[in-house]
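Asker: First the structure, which I've put down as structure tokens, then a few questions once you've had a look.
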Amino acid sequence: MRHWLFAPLAVLGLTACALSTPTSDQPWPVPDARCASKHVLLDAHFETGNLGQCTVDDDGRFVLGLIPEDKPPINPSAWFAFRASGRPGDEVRVRLELDHGFARYWPKTSRDGRHWTPLPSEQVLTGGDRSEWMEFHFTLDGAYRWVSAQEIMDTWDYQ
């Protein structure tokens, strides 16, 4: 007789742990503007910047939870763009986790925010076509480096 009590409680506990994208009647999460590990800072304090929901693992890896920009999800290709700051030689490791979308864009980096280079394939790991995650890493060769899903075009490009 007591077993029927545990089944509903177990279901409630499991559903409380599940990640979900907000529906059209729920508020859309506000992306984080900055996120820091012990040695590296990621920030989105520039036009087109987006970190999503950022956390840092115990080993210093950044995990960016990304959802589509608009509700309801119109374009399943979630946007990411951030600047990594630290000391030259610091390694930056990032995992993108996409909810209601997939890792469509190969990460590109820039030293000046104007000239972009795709990360080499040996620095990127994906789960294949339409993967819901992507991992990449790079080493800072200056005080900062921009990283983005695509080359950033902002108001400077239209002047």
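Asker: Out of the residues in the range 120-144 meeting the condition of being under 16 Å from the mean Cα position of the chain (by Cα) and in a loop (DSSP other than H, G, I, E, B), tell me which one is nearest to PRO68 (Cα to Cα).
Answerer: GLU132
Asker: Within the range 118-140, track down each residue that is among the acidic types (Asp, Glu), modelled with pLDDT under 95 and exposed (fewer than 15 other Cβ atoms within 10 Å of the Cβ).
Answerer: Hit for the range 118-140 is ASP129, nothing else.
Asker: Another one. Among what's in the range 107-119 and is in contact (Cβ under 8 Å) with a residue 24 or more places away in the chain and either outside any loop (DSSP other than H, G, I, E, B) or under 13 Å from the mean Cα position of the chain (by Cα) (or both), pick the residue that is nearest to PHE62 (Cα to Cα).
Answerer: This residue is PRO107.
Asker: Would you pick out the residues in the range 44-60 that are without any contact (Cβ under 8 Å) to a residue 60 or more places away in the chain and in a loop (DSSP other than H, G, I, E, B)?
Answerer: Passing the criteria: ALA44, HIS45, GLY49, LEU51, GLY52, ASP57, ASP58, ASP59, GLY60.
Asker: Is the range 145-157 home to any residue that is closer than 16 Å to SER37 by Cβ, crowded, with 18+ Cβ neighbours inside 10 Å and of a type outside the set (D, E, K, R)?
Answerer: Yes; the residues of the range 145-157 include at least one that is closer than 16 Å to SER37 by Cβ, crowded, with 18+ Cβ neighbours inside 10 Å and of a type outside the set (D, E, K, R).
Asker: Do we find that VAL147 is part of a strand (DSSP E or B), touching a residue at least 24 places away in the same chain (Cβ under 8 Å), in contact with a His (Cβ under 9 Å, 6 or more places away or on another chain) and of a type in the set (Val, Ile, Thr) in this structure?
Answerer: Judged against the criteria, VAL147 is not a match.
Asker: Out of the range 49-71, which residues are loosely packed, with under 14 Cβ neighbours inside 10 Å and modelled with pLDDT under 95?
Answerer: Once the filter is applied, which keeps residues that are loosely packed, with under 14 Cβ neighbours inside 10 Å and modelled with pLDDT under 95, the range 49-71 yields only ASP70.
Asker: Taking the condition in contact with a helix residue (DSSP H, G or I) (Cβ under 7 Å, 6 or more places away or on another chain), modelled with pLDDT of 90 or more and not polar (S, T, N, Q), does HIS115 pass?
Answerer: no
Asker: Given the criteria of a type in the set (A, V, I, L, M, F, W, C), buried (at least 17 other Cβ atoms within 10 Å of the Cβ), touching a Lys or Arg at 6+ places or on another chain (Cβ under 9 Å) and part of a loop (DSSP other than H, G, I, E, B), does ALA84 qualify?
Answerer: The answer is no for ALA84.
Asker: For the range 87-106, what are the residues that are within 14 Å of the chain's Cα centre (by Cα) and part of a loop (DSSP other than H, G, I, E, B)?
Answerer: ASP99, HIS100, GLY101, PHE102, ALA103, ARG104, TYR105, TRP106, listed by residue number.
The values are calculated or read from the model by the stated rules, or taken from the named source; none is laboratory data. This one's a predicted model, so the numbers in the text were calculated from it and none came from an experiment. All Cβ positions, glycine included, derive from the backbone under ideal geometry; neighbour counts span all protein chains shown.
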